[in-house]
Amino acid sequence: MPQLEEGLITSWRKRSSCVSKAKMYELTYAFPITPWLIRALDQLGTLEYFPEFPRPFYRLTVRDSFQLKGVEGAPSARLIIFRGEVDAICRKIGKYIDPDAE
């Protein structure tokens, strides 16, 4: 399981994908993701956030690149990559989210 430098995403592991050309990964966060951090993802692409669900769900779609799905409060998320590399995408996500800015 690759490790990243200190930040929001600490590691990832490859998962099997049912989408033919997509690569799927399970990301591990350094801490459970908060509503504030979920809303910060809006800077990257189209964010769908459902805080009213029993398990608040979010989905970020960056056109022609990737989709990130997860549950508020969870320490992990699912990343589906259509174009790009996992390490570069994780760095890009981490750049937009600074947990100390809350």
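Quick note: the coordinates plus some simple rules give every number you see, no bench work behind them. Everything numeric here is computed off the predicted structure, so don't read it as measured data. Note that we place each Cβ from the backbone using ideal geometry, even for glycine, and neighbour counts take in every protein chain shown.
Which of 60, 44 comes first, and how do the rest follow, when ranked by fewest Cβ neighbours within 10 Å?
Result, fewest neighbours first: 44, 60.
Using DSSP to call loops (not H, G, I, E or B), can you name the GluC sites (Glu not before Pro) in the stretch 36-88 whose Cβ has at most 12 other Cβ atoms within 10 angstrom?
52, 85
In sequence order, what are the phi-derived ³J(HN,Hα) couplings for the stretch 40-57 according to the Karplus relation 6.51 cos²θ - 1.76 cosθ + 1.60 with θ = phi - 60°, rounded to whole Hz, with x for glycine and proline?
Per residue, the Karplus-derived 3J(HN,Hα) values read 5, 5, 4, 5, 8, x, 8, 9, 10, 10, 10, x, 7, 5, x, 10, x, 10 Hz.
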